[in-house]
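Here's the structure, in structure tokens; my notes come after.
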Amino acid sequence: MLNPKTIAVAMSGGVDSSTVAAMLRAEGHNVIGLTMQLWNQRRLAGHEGMPEQVTGRCCSLDDVYDARRVAQHIGIPYYVVNHEERFERDVVRPFVAEYLSGRTPIPCSLCNNHLKFDQLLVVAQQIGADCVATGHYARVEYDEARGRWLLKRPADRSKDQTYFLFGLTQEQLSRTLFPLGGMTKPEVRELARKQGLALAEKPDSQEICFVPGGDYKRFIDAYLAESGEALPDTAGELVTANGEVIGEHSGIHNFTIGQRKGLGVATGSPLYVIQINGADKQVIVGGDEHLYSRTLRARRVNLISVDELPEPMRVCVKIRHRHEPAAAVLEKAGDDELVVTFDQPQRAITPGQAAVFYDDDIVVGGAWIA
Amino acid sequence: MRRIYLDNNATTPILPEVLEAMRPYFGEHFGNASSIHHHGQETRAAVERARDLVASLLGCRAAEVVFTSGGTEGDNLAIAGLASAGDHIITSTIEHHAVLLTCKHLEETGCEVTYVSVDGRGLIDPDDVRRFLRPNTKLISIMMANNETGVLQPVEEIGKIAAEAEAYFHTDAVQAAGKVPIDVNRIGCDVLSISGHKMHAPQGVGALYVRKATNLQPLFYGGRHERSRRAGTENVPGIVALGKAAELAMQGFERGDDKKISAWRDRLQQGILAQVGEGAVNGDAAPRVPNTTNISFDSIEGESMVIALDLKGLAVSTGAACTSGAIEPSHVLTAMGLRSDRARASIRFSLGKQNTAEDIDLALALVPETVARLRELSPVYKKQAVSS
């Protein structure tokens, strides 16, 4: 090893981050394992119909146990750091507030921006680490010509997590390693087996870590009840694209753009949620054709491969995690705001989600869909 | 890397003499102390010698010493063994969780519990205890020394209040045993718990003083061991070790070890404060056990500090560790009125008999440089520096 570094690995107790720790250790680095305790799963157990038994994965004792066993197995120091307060403030509260105002949030991006690559990076530096490594599928590289750190899509496109990482700053990227960026998931599992990691076959986690079973409506009810706050009345009218009131709905937070089920009205042709109007508490419904749009506006911009957008730029844009990037033109539209014009109309552009811009496999940047 | 251990309130290393004393009871002397044959007689004698030594340490009769598995069992046995549905208990907000959670459990099963708080010095006011007395107050449980700050509580006064009120008095003396002399009659307690591993005996053994004729319900059933107060075959090596540790503790008091340790503690505390600036000791306005100091450093996360120091070889701690090993703001420091950020910026240093003057010197070199690095990288500290 030419340049052994001190590297803090963010260990979740899953295969990916465990393999990262084992890899870096085998390469001769000085590795420190850190697990962020972000949410107490027991906190809402039994509230408002939440399961009594803890079922969620986030920061569960089982995951901490798994991470600790990996650390012991590969022989690195390991610590759990508590960031529950910050997680609640910067991830959980905004998550609830976004739904209540009719948007569909992405807590994983908030967690990356405010916790994993912010708080954890500070802790890592404080304890003497040069950088933080995670098990994300993405690549980070320094581009001499541009003089910038680049975030790039990984070798395994099916695992691409760059969509959730668009908020990383140059400073954060300069101190971040994604050692799995060049590997496929099967290769990672194979390496985990070779390293003798007992959790090599552990299933991937899919859902939002703090929402057991993915039932975010029940989570919002339970969270507000536990905090002693009343669930705001967000019930209102169900309106067609022509402005005709065709029924009532139970609350705007129960809907997302493109949703077809649970509208509570029967019509001849299928109806979808095409817009949620937070101010009037209206849920607007219409046929599939109404879901398509050629433009979107996005705010709170973070640019990565360029430092500004002096003129329109051709890019491919992803509007949700599982979305094939679509060709579009990106244009500045005021302070900290962009307009995206797609070549082809896109289905279900959803406020609260991120629009992430790609130039081939390079992440140009991203912003939050307004 | 040279490792320095200053977390003796969490656990202590077994002293070599203690290890020597217990070693034969793992091999050669293996008998069940209840057996009638030679092997049983050998270990029975060893258990009773140990009981005499623990009784001397506590100032009680040997027959009043019940061996347990440690502090948590002692606290559980004392509290759940004396109070039942319909009884009122007075305890404090700064007790160890072994006491607090036992009381919480009893609340669910029909006891009423009053939690007395502390002042800014970390002290319980005996008048508060008196004020909360009720006709059905069955038990008062107040710790002798706090694990996080080392503050010694006015247990003798509380013992008098309990006696006047004809309530039982339990004191959790886990953090006092071996550090300050204990005399159950001066304290006036009916039950007192101690733990082996906090006084250089191994983990998994402890003792509970139970005043003669106290009607204590056992936690375990299964035999007449420990005068029917604690069923189960005795942990002979552990008990022998606890006896030896008690003997060494008494010799230590005669030699003035406690004065030596408090001088080192004071040197450590003053040396750190002089070098870091913006630090304050929690609980130093009250009497404390000699080995403990709890220091709040402005604008740092105690958690990062503990990790950073551990990576440099110095073992200290902050707050109470939860099941996952993550740190929650200390209930003791917040009860003393510290804001949660200040509580989280607090570190406990606790010395033991194995520490040397050199350990203190090394700690004095490591702590200030670590605090400086943490502050340099702290977003909070930078902000304050700019605004001031």
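Read the figures in this text as sums done on the coordinates, not as results from a lab. None of the values given here were measured: they were computed from a predicted structure. Note that we place each Cβ from the backbone using ideal geometry, even for glycine, and neighbour counts take in every protein chain shown.
The figures follow:
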{"quantity": "Euclidean distance between Cα centres, the stretch A:226-283 to the stretch B:160-236, Å", "calculated": "64"}
{"quantity": "Relative contact order [Cα under 8 Å, 6+ residues apart], chain A, whole percent", "calculated": "16"}
{"quantity": "Expected 222 nm ellipticity per residue - DSSP helices of 4 or more, -39500 (n - 2.57), all of the protein assembly as shown, to 500", "calculated": "-9500 deg cm²/dmol"}
{"quantity": "Point-charge dipole on Cβ atoms (K/R +1, D/E -1) for chain B, about Cα centre, debye to 20", "calculated": "260"}
{"quantity": "Calculated FRET value between residue B:56 and residue B:105, using beta carbons and R₀ = 41 Å, to 0.05", "calculated": "0.75"}
{"quantity": "Estimated inter-spin distance, residue A:194 and residue B:278, nm [label 7 Å along Cα→Cβ]", "calculated": "4.8"}
{"quantity": "Under the span-like rule (Cα at least 24 Å along the axis, Kyte-Doolittle mean at least 0.5), DSSP H helices of chain B", "calculated": "B:236-255"}
{"quantity": "FRET efficiency for residue B:364 and residue A:89, using Cβ-Cβ distance with R0 set to 41 Å, rounded to 0.05", "calculated": "0.65"}
{"quantity": "Convex hull (Cα only) mean projected area of the stretch B:97-234, reported in nm² to one decimal", "calculated": "9.2"}
{"quantity": "Eligible lysines near residue B:244 by straight Cα distance, threshold 25 Å, same-chain separation 8 or greater", "calculated": "B:179, B:198, B:212, B:259, B:260, B:353"}
{"quantity": "Kirkwood Rh in Å, taken over the stretch B:16-252 so that all alpha-carbon pairs contribute", "calculated": "17.9"}
{"quantity": "Ranked list, fewest to most other Cβ atoms within 10 Å of each Cβ, for A:27, A:52", "calculated": "A:52, A:27"}
{"quantity": "Virtual spin-label span in nm between residue B:160 and residue A:171, 7 Å along Cα→Cβ", "calculated": "6.0"}
{"quantity": "24 Å Cα-Cα reach of residue A:194 towards lysines, excluding residues that sit fewer than 8 places from it in its own chain", "calculated": "A:5, A:159, A:185, A:202"}
{"quantity": "Separation between Cα centres of the stretch A:134-212 and the stretch B:45-95, rounded to whole Å", "calculated": "54"}
{"quantity": "Alpha carbon convex hull of the protein assembly as shown, volume per residue in cubic angstrom", "calculated": "208"}
{"quantity": "Percent RCO, i.e. relative contact order, over the stretch B:83-140, from Cα pairs under 8 Å lying at least 6 residues apart", "calculated": "49"}
{"quantity": "Neighbour-count ranking [beta-carbon atoms within 10 angstrom, fewest first] of A:321, B:38, A:136, B:225", "calculated": "B:38, A:321, B:225, A:136"}
{"quantity": "Simple spin-label estimate for residue B:136 and residue B:227 in nanometres, 7 Å along Cα-Cβ", "calculated": "3.0"}
{"quantity": "Neighbouring partner chain Cβ atoms per residue of A:125-136, average, 10 Å criterion", "calculated": "3"}
{"quantity": "The stretch B:1-48: GluC sites (Glu not before Pro) in DSSP loop, at most 14 other beta carbons within 10 Å", "calculated": "B:28"}
{"quantity": "Binned Cα-Cα distances of chain A, short to long, each 20 Å bin given as a whole percent", "calculated": "27, 55, 17, 0"}
{"quantity": "Neighbour cut-off at most 15 other Cβ (10 Å), DSSP loop, trypsin sites (Lys or Arg not before Pro), the stretch A:67-156", "calculated": "A:146"}
{"quantity": "Gaussian network model of chain A, Cα within-10 Å springs - most flexible of A:63, A:233, A:16", "calculated": "A:233"}
{"quantity": "Candidate lysines for bridging to residue A:332, where Cα separation is under 24 Å - those fewer than 8 sequence places away on the same chain excluded", "calculated": "A:152, A:318"}
{"quantity": "Spatial separation of Cα centroids for the stretch B:98-115 and the stretch A:18-35, in angstrom", "calculated": "44"}
{"quantity": "Shielding of A:102-114 by partner chains, average beta-carbon count, 10 Å", "calculated": "0"}
{"quantity": "Relative contact order (percent, whole number), the stretch B:116-156, Cα cutoff 8 Å, 6+ residue spacing", "calculated": "38"}
{"quantity": "Calculated over the stretch A:234-286: convex hull of Cα atoms, volume per residue (Å³)", "calculated": "67"}
{"quantity": "Averaged over A:74-82, number of beta-carbon atoms from partner chains that fall within 10 Å", "calculated": "5"}
{"quantity": "Sorted by Cβ neighbour density within 10 Å, fewest at the top, the residues B:336, A:23, A:313", "calculated": "A:313, A:23, B:336"}
